[in-house]
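Report on the following structure.
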C-alpha cells in the first residue's frame, strides 16, 4: 500500500479529485470527474464503471454492471475531511458505501451503509482512517470486495451485512 504524507491542509479539491480519477483509471472503465449534484455534499465526484464479475473475481455474481463513486469535501466543521465512497449496482438497486460525514453521529465519524435503492437498510460504525485522502481511497478499495460480498439478501433485496465478515475496517 502506498502512503501519502503530503500536507492535507494544502489540498485543493479539483486537484485531489483529478488524482483520484487517475488512481481509479487503473481498475475501472470510463472514469471521470463530475460536479456534484445539488443534493450531494462536496464539490466533485469521481465515477468509474466496472463489471463486478471481473472485479470481484466471481463469474456467478448476479450483477454485470456496477459503478464506484467517490467524493471528498475538504473544508468541514470537523478536523478531518468528509468523504463518500460508494459501490452502486443499478441492476440490484444496491449501494454499499463508507461515509465520513456529519450524519449518524451515534456511529462515530465513519459508517458503512447498505441501501436498497434510496432506502438505507443498515448503518454500521466503521474504522476512522486519519490519513491523506488518497490513502483513504486505497484503504477503502482494498476492503471493497469484502464489503460487497458481505451484503445479505432477502427476497432479491439487500437486507444488511453479514456480521461474521469484518467489513467495517
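Structural remarks
- Cβ crowding within 10 Å averaged over residues, with 108-121, 82-95 ranked highest first: 82-95, 108-121
- Highest mean packing comes first when the peptides 147-154, 44-51 are listed by Cβ atoms within 10 Å, giving 44-51, 147-154.
- Relative contact order %, region 22-86, counting alpha carbon pairs below 8 Å whose residues are six or more apart: 25 percent
- Using C-alpha pairs under 8 Å with a sequence gap of at least 6, the mean separation divided by the residue count of region 8-160 gives a relative contact order of 14 percent.
- Averaged over residues, the count of other Cβ atoms within 10 Å places the peptides 68-77, 98-107 in the sequence 68-77, 98-107, highest first.
Each reported figure results from applying straightforward, stated rules to the coordinates on display, with no laboratory input. From a predicted model like this one, the values you see are computed outputs, not experimental measurements. Cβ: placed from backbone, ideal geometry, glycine included. Neighbour counts: every protein chain shown.
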